[in-house]
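Undergrad: Got a structure for you, questions after.
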Amino acid sequence: MVNKYSVAQYSVDNILGFINSGEISIPEIQRPFVWKPKNVRDLVDSLYNGYPTGYLIIWQNPTVRLKDGREAGGTKILIDGQQRVTALMTALAGQQILTEDYEQKAYKIAFNPLAKDDEERFAVQTPAHVKSKNWIPDISVVFKPDFNAFNFINEYIQNNPEISSDVINRAIQKLLDIRTCQMGTIILVPDLDINEVTEIFVRINSQGKRLNEADFAMSKIAADSKYGGNILRKAIDYFCHLAVDPNFYEKLSATDDEFMKSEFAGLLKWLKDDKEAIYDPEYNDMLRVCLMHKFGRGKLGDLVSLLSGRDFETRTYKEEIADESFAKLTAGVKNFMNEYNFKNFVLAIKGCGFISEKLLNSQMTLDFAYTLYLLLSNSKDIDKIEVKRLVQKWFIMSTLTSRYIGSPESQMDKDLRSIATKGFKEYFKEVEEAELSETFWTVGLVQNLETSSINSPYFNTYIAAQVWSAEASLFSNTTKVADLISVMGDVHHIFPKEYLKQNGYEDKAKYNQVANYTYLDTGVNISIGKKAPNEYFAQAKEQCIKGQCCIGTILNEKDLVNNLKINCIPENIYTMQACDYETFLQERRKMMAEKIKNYYYSI
């Protein structure tokens, strides 16, 4: 059997030397460092005391056949251990790193050479450590190449005359011995594909944490020096950060001159004024959408192989494939970042009623919808005026059928290939016939609405249907459901929770059924309180006769009948009590399913 990896022991000094010389690439060094200062302190303390610190994993990219026929060895990439190595670079070498707030900063670790066994020996530097005579406020001073131990110890003793030179000398020497501490390093052979790499990672990693393929892809992109990978990686990172925090643009423009001079800077500038939160992608979403709409593939692991130059037919690696793949990815990133594309896609999602991130429960479904928008927008077979509607219908269908929940990558891959071979309209027709049969609408969807999850995609789609139809909330002729979604209106129990509990319904899964929910104006909710449905619905009907408001604002019986209908309230609600609760739920689920069906086919 061929060995898929080898194990070596390298000293801390060796590892940092490999990084500094470029022999091993740690591409994430310029991405935000997620460890807290305490984690850095703990790592140094572990090395000082000879405790194990886990394996580093290095993968050498495959050998690539160049265009002139020669072969070139791939770069060695540190795929696990980046946080540990970065921590050592800042703590021991004093290098600045990029914090989670995108600030350049060195994490300084203080050292108390006089600490006893029960005393703190290492600490994250504070002003108190700087002022202290006992503490060495920054251990990186000790690890500098020009460090003079004799002069340093003499100066320390002058400040602490009661201390023996032998004591401080032993402590400083033990601290310096960190440089020779051995760290286990697993080196994966070059011809492994990403699936094997991830599997080995899972087997080795003590926490059983799966290697994130998006992180792997970002490492691959950032390690590239030939195709502008580092700037491309920054474009992806910065876009995702700005989508969540538009104020970051000011800091970005002031601190990263290299990026601000790149072609990507102008493409993301619009985000500084964007407050929309419907689709705030992370870099795995961005990479996935780029892979799908530019390469026609749904499995993110394929992106690493393509960027490495893999020929999937011959299973060899070629420079021209890597060249073409980086060009496609760059074009895909530009398409993703394009203000017109992004904003029009978001408008399409909001336009079919999903006006709040509260109504969205699958980022994968959004990813494929954006992919579809980009594909159809550039398709010669689809009329531009149809793109928005088709994307909306696919998004609703995917949400209702949980299409990208179980095995999303496999489903996405299948969908992309089928769209490419059959054409989108023909394939969509097939999918609709298979997934949205009459049985789905009258049985499957009704059963799916039997849930207590407020984040249920089926309940969310019901609310989206109400928003899309611009329907008024229960007992109101002025307040729209959309208004209540936007201003955090109350989700009201039609059969009040306390009323049900008083009548024997103690199970949350029963009284919190989504078929018992409706959005209500806060004032209306308060006026209903714990009343039985037959009581407060009768009051709403009576006020139409008296012309005096007590439950909501509807004073016309015809308007009340219509209001109950659009909110899927059964006509016999006026007589319903606790004993009718199960019947109510069954009837309302059918009405909700019918509303969703009508909404879908009206888009």
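The values are calculated or read from the model by the stated rules, or taken from the named source; none is laboratory data. Since the model is a prediction, treat every value here as computed from it, not as a measurement. Cβ placement follows ideal geometry from the backbone for every residue including glycine, while neighbour counts extend to all protein chains displayed. Just the protein is used for accessible areas: all its heavy atoms, side chains included, with ligands, DNA and RNA removed. Shrake-Rupley method; radii C 1.70, N 1.55, O 1.52, S 1.80 Å.
Undergrad: If SER402, SER473 are ordered by their accessible area, calculated over protein heavy atoms with a 1.4 Å probe, which sequence runs from highest to lowest?
TA: Working: SER402 40, SER473 0 Å².
The residues order as SER402, SER473, largest area first.
Undergrad: Kindly express, to the nearest 10 degrees and within the range 0 to 90, the angle between helix 408-422's C-alpha long axis and the longest C-alpha principal axis of the chain.
TA: 70
Undergrad: What order do you get for 325-331, 249-255 when each peptide is scored by the mean count of other beta carbon atoms within 10 Å, highest first?
TA: Numbers: 325-331: 18.7, 249-255: 14.1.
Ranking, from highest mean packing down: 325-331, 249-255.
Undergrad: Another question about this same structure. Report the accessible area of ILE396, computed with a 1.4 Å probe over the heavy atoms of all protein chains in place, in Å² rounded to the nearest 10.
TA: 0
Undergrad: Next question, about the same structure. Please calculate the 1.4 Å probe accessible area of SER25, with all protein chains present, and give it to the nearest 10 Å².
TA: Counting only protein heavy atoms, SER25 exposes about 20 Å² to solvent.
Undergrad: How far, in degrees from 0 to 90, does helix 424-435 lean away from the longest principal axis of the Cα atoms of the chain, to the nearest 10?
TA: Once rounded, the angle reads 70 degrees.
Undergrad: Using the Kirkwood radius built from alpha carbon pairs, what does the Stokes-Einstein equation give as D for region 400-540 at 10 °C and 1.306 mPa s, in µm² per second? Mind showing how you got there, number by number?
TA: Details: Rh = 17.8 Å.
Reported coefficient: 89 µm²/s.
Undergrad: Rounded to the nearest 500 deg cm²/dmol, what is the calculated helix-only ellipticity per residue at 222 nm for the chain, with -39500 (n - 2.57) per DSSP H run of length n ≥ 4?
TA: Values: 29 runs with 312 residues, N = 603.
That calculation yields -15500 deg cm²/dmol at 222 nm.
Undergrad: Taking a cut-off of 12 Å between Cα atoms, list the aspartates and glutamates near LYS590, but don't count ones fewer than 8 places away on the same chain.
TA: Here the aspartates and glutamates satisfying the reach criterion relative to LYS590 are GLU450.
Undergrad: Can I ask one more? Could you tally the net charge around GLY50, taking each other residue with its Cβ under 11 Å from the Cβ of GLY50, Lys/Arg +1 and Asp/Glu -1?
TA: On the way: positive: LYS174; negative: ASP45, ASP177.
Cβ neighbours under 11 Å give a net charge of -1.
Undergrad: Next up: Measure nothing but the geometry: give the 0 to 90° angle between the long axis through the Cα atoms of 339-351 and the longest principal axis through the Cα atoms of the chain, rounded to 10°.
TA: 40
Undergrad: Using a probe radius of 1.4 Å on heavy atoms only, what accessible surface per residue do you get for the chain? Whole Å² is fine.
TA: On the way: 28000 Å² over 603 residues.
For the chain, the solvent-accessible area averages 46 Å² per residue.
Undergrad: Just the number, please: carbon plus sulfur as a percent of the accessible area of region 277-363, 1.4 Å probe, no ligands or DNA/RNA counted. Each step should come with its number before you reach the end.
TA: Working: 1330 of 3130 Å².
Solvent-exposed carbon and sulfur of region 277-363 make up 43 percent of the total.
Undergrad: Please give the solvent-accessible surface of ASP311 in Å², to the nearest 10, using a probe radius of 1.4 Å with every protein chain present.
TA: Roughly 30 Å² of ASP311 is accessible to a 1.4 Å probe.
Undergrad: I would also like to ask the following. Determine the shape class of region 389-443: with a ≥ b ≥ c the square roots of the Cα gyration tensor eigenvalues, call it rounded for a/c under 1.5, and otherwise prolate if a/b is greater than b/c, oblate otherwise. Walk me through the intermediate numbers first.
TA: Values: a/c = 1.74, a/b = 1.27, b/c = 1.37.
Taking the square roots of the gyration eigenvalues as a ≥ b ≥ c, region 389-443 is oblate.
Undergrad: Setting aside same-chain residues fewer than 8 positions from LYS4, which lysines have a Cα under 21 Å from its Cα?
TA: Counting by Cα, and skipping residues close in sequence, LYS4 has these lysines nearby: LYS76, LYS209, LYS220.
Undergrad: Shifting gears a bit: Taking the highest mean first, how do the peptides 379-390, 502-513 order by number of other beta carbon atoms within 10 angstrom per residue? Can you show the working numbers first?
TA: Values: 379-390: 13.0, 502-513: 14.7.
Those peptides, ordered most packed to least, come out 502-513, 379-390.
Undergrad: Between region 1-23 and region 446-485, what is the C-alpha centre distance in whole Å?
TA: Distance between centres, Cα-based: 57 Å.
Undergrad: Calculate, for GLU430 and VAL244, the FRET efficiency according to 1/(1 + (r/R0)^6) with r their C-beta to C-beta distance and R0 45 Å; round to the nearest 0.05. Kindly include the intermediate steps, with their values, before the conclusion.
TA: Details: r = 38 Å, r/R0 = 0.84.
The formula returns an efficiency of 0.75 here.
Undergrad: Kirkwood Rh over alpha-carbon pairs of region 217-308, then Stokes-Einstein at 10 °C and 1.306 mPa s: what D in µm² s⁻¹, rounded to an integer?
TA: Numbers: Rh = 14.0 Å.
Result for D is 113 µm²/s.
Undergrad: Straight-line reach from LYS546: which lysines have Cα under 23 Å away, leaving out those fewer than 8 places along the same chain?
TA: Within reach: LYS531, LYS558, LYS565.
Undergrad: When only alpha-carbon atoms are used, what values of Rg and Dmax, in angstrom, describe region 132-195?
TA: 18.8, 61
Undergrad: Where does the charge balance sit around ILE153 when Lys and Arg score +1, Asp and Glu -1, over other residues with C-beta under 11 Å from its C-beta?
TA: Details: positive: ARG170; negative: GLU155, ASP166.
Net of charged neighbours comes to -1.
Undergrad: Moving to a separate point now. Count the net charge of all other residues whose Cβ sits under 12 Å from the Cβ of THR90, scoring Lys and Arg as +1 and Asp and Glu as -1. Write out the running numbers ahead of the final one.
TA: On the way: positive: ARG41, ARG84, LYS105, LYS108; negative: ASP138.
Local charge sum for THR90: +3.
Undergrad: Take the Cβ-Cβ distance between CYS550 and ASN344 as r, set R0 to 56 Å, and report the resulting FRET efficiency rounded to the nearest 0.05. Before the final figure, lay out the partial values.
TA: On the way: r = 46 Å, r/R0 = 0.81.
Using R0 = 56 Å, I get an efficiency of 0.75.
Undergrad: May I ask you to rank TYR227, TYR102 by accessible area, largest first, using a 1.4 Å probe over the protein chains only? Don't skip to the end; give the middle numbers.
TA: On the way: TYR227 55, TYR102 20 Å².
From most exposed to least exposed: TYR227, TYR102.
Undergrad: Using a 1.4 angstrom probe with every protein chain in place, what is the largest-first accessible-area order of ILE419, ILE109? Present the calculation step by step, with values, prior to reporting the outcome.
TA: Working: ILE419 25, ILE109 0 Å².
The ranking, largest first, comes out as ILE419, ILE109.
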